[in-house]
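The values are calculated or read from the model by the stated rules, or taken from the named source; none is laboratory data. Note that the coordinates shown come from a computational prediction; the quantities given were computed from them, not determined experimentally. In this analysis, Cβ positions are derived from the backbone assuming ideal geometry, glycine residues included, and neighbour counts consider all displayed protein chains.
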Amino acid sequence: MNFQEDEGVRRPRQYLRDDSTDPLNNLSDLELYKEYRFDREGILYLVSLLQDALPTTDETGRGLPLAHHIIVMAGLLYLGSNAFQIRIARTLMISQASVSRAITLFVKAVASKINLFVKLPVTEDASCFFFATPVFPFLDFNFTPEEVP
């Protein structure tokens, strides 16, 4: 693991990025929304939400860890546009291998927070309907409770 000496205290080196190449600082909210499907505030919210599930040091011990917002942005680009990893690497100015690791870390972090967003039915009526359906139920969000099949 890479360490920096600072007054006798050893601490892991951190990934330093020039602000002129950081898309979060360079792009407008509209450009961020078009590219990543989230505005700056949304990306920063995701970073804060997933921060405890993302690593603080590089797992391989060979290099410097990516900043959390770069991991989130790589994951959003991949899932939102299904772009090739090499395109994402060029956009974020990191290697393709780093993009691959970032996507894996992002997906695992989101999966670890699934209970915050996905809720199964808790009432007995809804539960019976949900589990009695032989196929996956049709999800239509434009209905009233009386219109449920």
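Each row is one residue, and each column tells you yes or no for (1) over 21 Å from Val110 (Cα atoms); (2) modelled with pLDDT of 90 or more; (3) touching a strand residue (DSSP E or B) at 6+ places or on another chain (Cβ under 8 Å).
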position: Asp22; (1), (2), (3): yes, no, no
position: Gly63; (1), (2), (3): yes, no, no
position: Gly75; (1), (2), (3): no, yes, no
position: Ile86; (1), (2), (3): yes, yes, no
position: Ser95; (1), (2), (3): yes, yes, no
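Any residue at all in segment 38-47 that's surrounded by 15 or more Cβ atoms within 10 Å (Cβ to Cβ), in a loop (DSSP other than H, G, I, E, B) and either modelled with pLDDT under 90 or not small (Gly, Ala, Ser) (or both)?
So far as segment 38-47 goes, yes, one or more of its residues are surrounded by 15 or more Cβ atoms within 10 Å (Cβ to Cβ), in a loop (DSSP other than H, G, I, E, B) and either modelled with pLDDT under 90 or not small (Gly, Ala, Ser) (or both).
Pick out the one residue from Pro149, Pro137 that is at pLDDT below 90, assigned to a loop (DSSP other than H, G, I, E, B), surrounded by 10 or more Cβ atoms within 10 Å (Cβ to Cβ) and not acidic (Asp, Glu).
Sole residue among the options that is at pLDDT below 90, assigned to a loop (DSSP other than H, G, I, E, B), surrounded by 10 or more Cβ atoms within 10 Å (Cβ to Cβ) and not acidic (Asp, Glu): Pro137.
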